[in-house]
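The values are calculated or read from the model by the stated rules, or taken from the named source; none is laboratory data. What you see is a predicted model, and the numbers here were worked out from it, not measured in a lab. Virtual Cβ from ideal backbone geometry, glycine too; neighbours counted across all protein chains shown. Ligands, DNA and RNA are stripped out before the accessible areas are found, and what is left, the full protein with its side chains, is counted by its heavy atoms. Shrake-Rupley method; radii C 1.70, N 1.55, O 1.52, S 1.80 Å.
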Amino acid sequence: MEIPKVKIIKMKVSVALCTYNGEQYLTEQLDSILNQTAAVDEVVICDDGSSDKTLQILSDYHTKYPDLFRIFQNKTNLGFIKNFEKAIRLCECPVIIISDQDDVWENNKVSETISFFEKNPQCDGVFHDLKLIDGQIIQPSYLNWKDISHKDVTSEIENHTLFEALVKKGSFILGCALAIRKEALQKYGMQDFPIAHDYYIVQKLSSKNKLGFIPASLSSYRLHPNQVYGLRYKSEKREEKKVTDTEKYFKENVWLYTKILERYKEINPGEDEKKTAIYSKFINKRDTYLKMLSFGKRKLYILKCIRHQYLDLMTTDLFRI
């Protein structure tokens, strides 16, 4: 008896890509998207007023693949942030992979992305590592170049501290390494992006512990002078003055968590941050710092904080701490 074949239904995938005077590298990027072991289902491209050969290149691809490429020309220049928001919203498939106009994908990028979402239904977004290229590959791992290990990222996700790490280290996740579930846009109220799409989506999803990680370099990020929105370079290490252990604890814990809470409120307006695990950590670190002070200094400091409405201290804390 012949065993009936089971048809495996692949998750449908959209690519959201923005162009602006990208003739030099665009063909290589589009070809890498087409040369995937798992084909994408649509490529949504929003052009923001290119004056070079970009539109002709796009027209050629659309002519060759009319059912795959959806090309939109903006009547006026929207700028980087709004153009990407438009491209992302125009995507129709359940999974949206965000793409720059000048990078190169590994041929397993789509298959690895699909596999991740199928195995991790709790995640609404995922990012991967990148190679850095400048004519030739100069770094096999963007994250390692930033002194961030795959182990660190995985640990932060498992411990629900990725959002905190992004505030502490600076947003080290680039949009061209990001994919999201389309339903996440409505689920988390991601509309009218106030900041760049990668910052916004990454911080929104990580603040909800809904962002995952693929520990592999699945595309190459191109470094060149004409990038519309470039790499976050490593900052110079500054020589710091000597501080006491108490001052160091305040800076690395209390002050840091005030910034993390501020960012959480910016990304999640209307939510009560006091109900979050982040707020509980802040209170714990704040109280630990206060107990490091002498009795007299502690009481005086609490009074000053109450007066200036700082560190969320109240009159009752004078007697509690």
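For the pair Lys151 and Gln56 in one chain, pulling the backbone fully straight at 0.36 nm per residue adds 29.8 nm over the alpha carbon distance. Basic side chains Lys and Arg get +1 at the Cβ, acidic Asp and Glu get -1 at the Cβ, and with that the dipole of the chain about its Cα centre reaches some 1800 debye. Each residue was assigned an accessible area with a 1.4 Å probe, and for Met314 the value is about 110 Å². Sequence-distant contacts, meaning Cα pairs under 8 Å at least 6 residues apart, place the relative contact order of the chain at 17 percent. The calculated FRET efficiency for the pair Asn120 and Asn144, based on their C-beta separation and a Förster distance of 25 Å, comes to about 0.60.
For Phe69, the residues whose amide H sits under 5 Å from its own are Val43, ignoring neighbours fewer than 5 places away on the same chain, with H placed 1.01 Å from N. When every Cα-Cα distance of the stretch 55-196 is counted in 10 angstrom steps from zero, the calculated P(r) takes the values 9, 33, 39, 16, 3 percent. Less than 5 angstrom separates the built amide H of Ser219 from those of Glu106, Lys131, all sequence-distant by 5 or more or on a different chain. Between Gln136 and Leu300, the simple spin-label model (points 7 angstrom out along Cα→Cβ) gives 6.4 nm. FRET efficiency for the Ile81 to Glu28 pair, using the beta carbon distance and R₀ = 25 Å, is estimated at 0.50.
You can think of it this way: the chain between Asn107 and Leu68 has 12.3 nm of extra reach, that is 0.36 nm per residue less the Cα-Cα gap.
Taking amide H atoms as placed 1.01 Å from N in the peptide plane, the amide H of Asp52 lies under 5 Å from those of Asn21, each 5 or more residues away in sequence or on another chain. Ellipsoid fit via the Cα gyration tensor, the stretch 269-321: semi-axes of 22, 13, 8 Å, each the root of five times an eigenvalue, largest first. For the stretch 1-152, the relative contact order comes to 29 percent (Cα pairs under 8 Å, sequence separation of at least 6).
Taking chymotrypsin sites (Phe, Trp or Tyr not before Pro) that fall in a DSSP loop and have at most 13 other Cβ atoms within 10 Å as cut points, what is the longest piece of the chain between them? Display every interim value, and only then the final one.
Values: sites that count: Tyr233, Tyr310.
Formally, the longest exposed-site-free interval is 1-232.
Top to bottom by accessible area (1.4 Å), largest first, where do Arg307, Arg181, Arg286, Arg70 land? Could the numbers behind the result be given before it?
Working: Arg307 195, Arg181 25, Arg286 5, Arg70 65 Å².
Correct descending sequence by accessible area is Arg307, Arg70, Arg181, Arg286.
Using a probe of 1.4 Å, the accessible surface attributed to Asp100 totals some 30 Å² when neighbouring protein chains are kept in position. Rounded to whole numbers, the Karplus 3J(HN,Hα) couplings from phi for the stretch 246-251 are 5, 5, 5, 4, 4, 5 Hz, using 6.51 cos²θ - 1.76 cosθ + 1.60 with θ = phi - 60°, and x at Gly and Pro. Along the axis of the charge dipole computed for the chain (Cβ charges of +1 for Lys and Arg, -1 for Asp and Glu, origin at the Cα centre), the listed residues Ile114, Phe250, His128 are led at the positive end by Phe250. Sequentially through the stretch 70-76, phi angles give Karplus couplings (6.51, -1.76, 1.60; θ = phi - 60°) of 10, 9, 10, 9, 6, 5, 10 Hz, Gly and Pro residues having no value and appearing as x.
Rounded to the nearest angstrom and listed largest first, the equivalent-ellipsoid semi-axes of the chain from its Cα gyration tensor are 43, 22, 19. In this calculation the C-beta distance from Lys187 to Lys291 is compared with R0 = 45 Å, giving a FRET efficiency of 0.65.
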